[in-house]
């Protein structure tokens with residue numbers, strides 16, 4: 001079944017009810033149905049080849065969500081891209097995925113269209129977060145009736161680009177079956193109810209905001225309180241109207257700074273995309289009376305594990321801070337040693353998984369795909385963890401050297417590649433260190449060729465890569481620490497700079513007391 005058909009089947013009988021309240025702009029379920037039909041009909045009119053990719057590099061908006069639904073309906077492949085990406089990053093995605101259509105923000109049309117047309121893209125449209133753009137202009141001319149194109153479970157629905165520790169980003173291929181099976185599992189496991197209202201304040205260019213949050217509400221026929229951008233005060237003001245909230249740890253940290261958090265109707269707070277500090281977990285419970293439910297997933301696998309939600313799965317007292325819970329129904333998870341041997345209870349090893357939501361592989365990278373799966377079909381997540389006697393997974397670290405800052409994935413090798421090309425940089429090592437707000441902050445430790453200006457290096461990077469990847473500090477040292485094999489000892493660097501942002505946090509706390 002086409003994923004859209006499954007979502008549409010859950011819309012309420014009264015299509016004129018409000019589906020999305022976007023800070024006062026109301027969209028009915030009929031608006032979602034009609035709008036996505038018109039966009040799907042426009043895409044069909046372009047006579048695109050079967051399996052065409054539609055790359056979307058726009059700011060969050062309800063129209064952006066409608067475009068996603070339209071791509072599903074039309075039977076094409078949705079390719080969401082972080083709107084913070086710059087030309088050097090976008091060039092790779094367009095060259096690799098070879099989309100037939102690119103949709104971008106109007107303010108970026110000049111450079112995006114030039115880049116896209118140079119790489120063979122036939123169509124470039126604009127879509128703003130203010131209901132403007134050439135895509136909407138074209139779609140409004142089309143019929144608002146459309147039959148979703150038939151698709152099999154294994155047919156490709158989306159490609160999510162996820163960086164690696166070496167080389168360029170790779171596209172994880174997710175099918176209609178992957179996405180639907182995970183959404184249905186979460187609807188049951190997280191006990192979605194007829195009266196639930198989701199407060200949606202996440203971006204929709206990655207798994208958490210687009211698939212976990214949006215699919216959850218759509219598949220349950222639940223209305224959403226929608227924010228194009230996260231604003232702690234605005235979100236706190238509307239909490240009394242919601243029952244479900246999903247966020248990255250950074251959002252919870254910022255909400256804790258609000259004077260009022262009225263959670264009278266809240267049923268479930270979920271956190272993911274980055275490790276949640278146990279202090280934040282405890283502070284949230286003390287402040288609101290709710291235990292945040294932590295879960296674990298990846299772009300390649302969607303959601304894999306979750307702390308309990310329903311009474312029969314264990315009440316809130318069985319949500320254990322610092323863990324991401326046991327494997328979800330239908331998911332198999334194992335911990336293995338370096339040689340592939342099974343680890344004992346509480347023994348640390350490599351996390352491997354399999355299940356209906358696990359992707360089929362990386363776009364046009366069969367060799368890399370083969371490397372990431374074991375001979376018996378388990379996906380190597382690259383994460384390191386342990387499972388206790390109750391089956392709860394605790395993640396210890398990331399063998400792929402990933403930094404998660406504010407819920408966004410940052411891979412050091414990519415940043416180091418840009419840094420090493422800048423004047424004055426001899427060699428660089430990019431690491432993540434603890435940060436009160438972002439969980440981890442990106443910093444760069446470099447050796448010098450001449451007299452590099454750290455501020456100038458940061459400014460130069462801001463012109464080349466997305467802001468969340470840019471190091472917050474650049475530290476110049478005589479040499480980088482190495483082991484006997486000559487490899488830079490990043491663990492030692494992390495230890496040396498672990499308290500880099502502790503002083504500013506202490507000063508801020510002192511100023512508030």
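The values are calculated or read from the model by the stated rules, or taken from the named source; none is laboratory data. Just so you know, these numbers come straight off a predicted model, no measurement behind them. As a convention, Cβ positions derive from the backbone with ideal geometry for all residues, glycine included, and neighbour counts pool all protein chains shown.
Looking at the range 264-283, which of the residues that are at pLDDT 95 or above and in a loop (DSSP other than H, G, I, E, B) is surrounded by the most Cβ atoms within 10 Å (Cβ to Cβ)?
Filtering the range 264-283 for residues that are at pLDDT 95 or above and in a loop (DSSP other than H, G, I, E, B), the one surrounded by the most Cβ atoms within 10 Å (Cβ to Cβ) comes out as 266.
Filter the range 493-502 down to the residues that are surrounded by 14 or more Cβ atoms within 10 Å (Cβ to Cβ) and part of a helix (DSSP H, G or I), then identify the one that is farthest from the chain's Cα centre (by Cα).
496
Counting only residues that are out of contact with any helix residue (DSSP H, G or I) (no Cβ under 9 Å at 6 or more places or on another chain), surrounded by fewer than 21 Cβ atoms within 10 Å (Cβ to Cβ) and at pLDDT below 95, give me the strands (runs of 3 or more DSSP E) lying completely in the range 352-454 with at least 2 of them. Walk me through it before giving the result.
Numbers: elements: 379-387, 393-398, 403-405, 408-410, 425-435, 439-448.
Passing ranges, in order: 379-387, 393-398, 439-448.
Out of the range 292-306, which residues are over 15 Å from residue 248 (Cβ atoms) and surrounded by fewer than 23 Cβ atoms within 10 Å (Cβ to Cβ)?
301
Name the residue that is farthest from residue 186 (Cα to Cα), counting only residues in the range 336-351 that are in contact with a strand residue (DSSP E or B) (Cβ under 7 Å, 6 or more places away or on another chain), in a loop (DSSP other than H, G, I, E, B) and without any contact (Cβ under 8 Å) to a residue 40 or more places away in the chain.
Checking each candidate, the answer is 337.
A quick yes/no check of all residues on (1) within 23 Å of residue 227 (Cα to Cα); (2) at pLDDT below 95:
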residue	(1), (2)
127	yes, no
132	yes, no
151	no, no
159	no, no
163	no, yes
170	no, yes
191	no, no
195	yes, no
199	yes, no
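Within the range 307-323, identify whether any single residue is buried (at least 18 other Cβ atoms within 10 Å of the Cβ), at pLDDT 95 or above and under 15 Å from the mean Cα position of the chain (by Cα), and answer yes or no.
The answer is no; no qualifying residue exists.
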